[in-house]
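To keep things clear, I will list the structure first and then write my remarks on it.
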Amino acid sequence: MSIERKGFGSAGGGEETRLFTLKAGPFSAGFSDFGATLVAFEAPAAGGGRDDLVLGFSRAADYEGSDAYLGATVGRFANRIARGAFSLDGKDFRLATNNGPNHLHGGKRGFDKRIWKTEGYEEGGAAALRFELFSPDGEEGYPGDLSVVATYRLDPAGILDLAFEAECGAPTILSLTQHAYWNLRGHDRGGILDHELRLAASRYLPVDETLIPTGELAPVAGGPFDFRTAKRVGRDLAAVGGYDHCFVLDREGGLAGSGAGEAAPALVDFAELRDPESGRRMRVATSLPGVQLYTGNFLSGFLGKGGARYHKHAGLCLETELFPDAPNRPDFPQATLRPGQVWRHATRYSFFV
Ligand code: BGC
């Protein structure tokens with residue numbers, strides 16, 4: 001295993017960024033300190049050679065100019081908060097609104113647009129990166145200082161582990177996610193509608209016209225949201241106009257908690273994605289209670305790395321998260337983090353080639 005480092009261009013007002021490439025066995029994962037972003041993930045191909053399975057750009061400035069969150073580590077709050085408003089302990093807070101009337105993925109300059117302090121290390125047979133970020137009280141409207149550590153670890157068997165730990169200086173809200181757009185055939189090999197997906201989720205969150213959950217946890221049974229038995233992603237996609245929904249992950253003993261101040265909940269194996277053409281499979285497990293299935297509905301045909309064009313449905317995101325708009329929904333698993341608590345969650349991606 002090894003870790004390579006090189007420049008990734010300037011961003012963030014002239015600051016230099018870097019690209020770190022973790023190599024373990026036949027796999028490699030490239031991350032930038034700009035956004036703690038997964039820029040590339042290479043896996044072997046059955047007939048020899050390798051493919052890069054995530055959508056990305058070739059320099060930090062392109063990430064800075066994009067609102068697609070390709071591969072980003074997203075914070076403070078993954079997905080939407082209605083009208084950017086919530087109250088906590090009787091105080092009202094106003095967050096930046098950057099998605100119609102709503103707050104999305106941390107606001108105008110979320111964690112995906114910050115340069116993270118990054119350290120690479122080797123551990124057992126694995127190569128790892130520890131990303132650290134400090135977010136001051138008031139950033140994008142959020143209360144309380146916040147320190148976040150995101151650790152990504154790649155092992156030679158094809159397991160990519162992500163672990164989050166965060167602590168705050170005053171009560172706040174938090175839901176971190178990883179926003180990679182996967183295409184198991186290769187990022188430049190067309191769309192994901194033929195991929196097969198299994199999701200261990202018996203319920204999902206219906207949304208209003210601005211993509212805010214209505215509050216209902218609706219059964220998927222028999223409808224277009226039912227992925228409990230593997231099916232083609234494109235099979236029922238037209239019926240919902242493209243997936244951009246949070247699924248409630250089935251878990252023994254009910255929903256996973258906020259992750260604040262407790263031992264991290266156990267990982268639940270909730271998804272398997274398979275590309276029938278290459279035969280590649282990815283399994284995902286998480287401690288979080290939900291996953292946003294987003295089928296790249298808003299990808300507009302922009303130019304990515306290596307001259308690839310990313311059209312609608314070029315990649316698919318499985319964003320493990322607390323539920324969108326949780327701060328305004330007392331009946332959802334709570335997103336509150338308080339001083340003295342540690343917010344801990346983990347997600348594991350396993351690849352089979
Ligand atoms: C959201 C989409 C959004 C995309 C990129 C996803 O997590 O659910 O609505 O367009 O991120 O910004």
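The numbers here are math on the coordinates, done by the rules we state, and not lab data. All figures in this text were calculated on a predicted structure; none of them were measured in a lab. Backbone-built Cβ (ideal geometry, glycine too); neighbour counts: all protein chains shown.
Enumerate the calculated ³J(HN,Hα) couplings along the stretch 72-84 in order (Karplus 6.51 cos²θ - 1.76 cosθ + 1.60, θ = phi - 60°), each rounded to whole Hz, writing x wherever the residue is Gly or Pro.
Once rounded to whole Hz, the list reads 6, 8, 9, x, 6, 10, 5, 6, 9, 10, 4, 6, x.
Taking Cα pairs under 8 Å and at least six residues apart, what relative contact order does the chain come out at, in percent?
Working: 985 pairs, mean separation 63.5, N = 353.
Once divided by the residue count of the chain, the mean separation gives 18 percent.
So what's the projected area for the stretch 118-178, the Cα convex hull averaged over all directions, in nm²? Before the final figure, lay out each step's value.
Values: hull surface 18.5 nm².
It is 4.6 nm².
I'd like the FRET efficiency for residue 214 and residue 108, computed as 1/(1 + (r/R0)^6) with the beta carbon distance as r and R0 of 35 Å, rounded to 0.05. Could you put the intermediate results ahead of the total?
Values: r = 26 Å, r/R0 = 0.75.
Using R0 = 35 Å, I get an efficiency of 0.85.
Once fully extended, how much extra length lies between residue 194 and residue 15, figured as 0.36 nm per residue of separation less the alpha-carbon to alpha-carbon distance? The partial results should precede the final answer.
Numbers: separation 179, 0.36 × 179 = 64.44 nm, distance 4.07 nm.
That pair, residue 194 and residue 15, stretches by 60.4 nm at full extension.
What's log10 of I(q)/I(0) for the chain at q = 0.10, 0.13 Å⁻¹, Debye sum over Cα points only, no solvent?
The calculated log intensity ratios at q = 0.10, 0.13 Å⁻¹ are -0.55, -0.98.
Which of 132, 15, 319 moves most in a GNM of the chain, Cα contacts under 10 Å?
Of 132, 15, 319, the Gaussian network model singles out 15 as fluctuating most.
Put a dot 7 Å past each Cα toward the Cβ at residue 94 and residue 6; how far apart are the dots in nm?
Reported label-point gap for residue 6 and residue 94 is 4.6 nm.
Add -39500 (n - 2.57) for each DSSP H run of 4 or more in the chain, then divide by its residues: what number comes out at 222 nm, to the nearest 500 deg cm²/dmol? Can you show the working numbers first?
On the way: 2 runs with 9 residues, N = 353.
Computed mean residue ellipticity for the chain: -500 deg cm²/dmol.
If neighbour count is taken as other Cβ atoms inside 10 Å, put 176, 205 in order from fewest to most. Spell out each step's value before the answer.
Values: 176 27, 205 23.
So the ranking, lowest neighbour count to highest, is 205, 176.
Just name one of 328, 55, 306: the one whose Cα is farthest towards the positive end of the charge dipole of the stretch 2-352 (beta-carbon charges, Lys/Arg +1, Asp/Glu -1).
306
Measuring from centroid to centroid over Cα atoms, what is the spacing of the stretch 113-191 and the stretch 203-220 in Å?
Centre-to-centre (Cα) distance: 27 Å.
Set the bar at 26 Å for Cα to Cα. Now go through 23/305; 23/231; 23/312; 6/113; 6/305; 6/312 and name every pair that lies beyond it.
Numbers: 23/305 20 Å; 23/231 32 Å; 23/312 30 Å; 6/113 19 Å; 6/305 16 Å; 6/312 31 Å.
Correct reply: 23/231; 23/312; 6/312.
Can you tell me the dipole magnitude for the stretch 219-341 around its Cα centre, using point charges on the Cβ only (Lys, Arg +1; Asp, Glu -1), in Debye to the nearest 20? Write down the numbers at each step before the final one.
Values: 14 positive and 14 negative charges, 102 e Å.
Its charge dipole is roughly 500 debye.
Note down the magnitude of the dipole of the chain about its Cα centre, charges +1 on Lys and Arg C-beta and -1 on Asp and Glu C-beta and zero elsewhere, to the nearest 20 debye. Intermediate results must be reported in sequence, preceding the final value.
Numbers: 38 positive and 45 negative charges, 121 e Å.
The calculated dipole for the chain is roughly 580 debye.
Between residue 204 and residues 5 or more places away or on another chain, which pairs have amide H atoms under 5 Å apart, with H built 1.01 Å from N, and which residues are they?
The list, which skips near neighbours in sequence, is 218, 220, 248.
Over all directions, how big on average is the projection of the convex hull of the alpha-carbon atoms in the stretch 108-245, in square nanometres? Don't skip to the end; give the middle numbers.
Details: hull surface 46.2 nm².
If you wrap the Cα atoms of the stretch 108-245 in a convex hull and average its projections, you get 11.6 nm².
Could you put 159, 192 in order, starting from the residue whose Cβ has the fewest other Cβ atoms within 10 Å?
With the fewest neighbours first, 159, 192 line up as 159, 192.
At 7 Å along the Cα-to-beta-carbon direction for both residue 281 and residue 300, put a label point, then send me their distance in nm to one decimal.
It is 3.8 nm.
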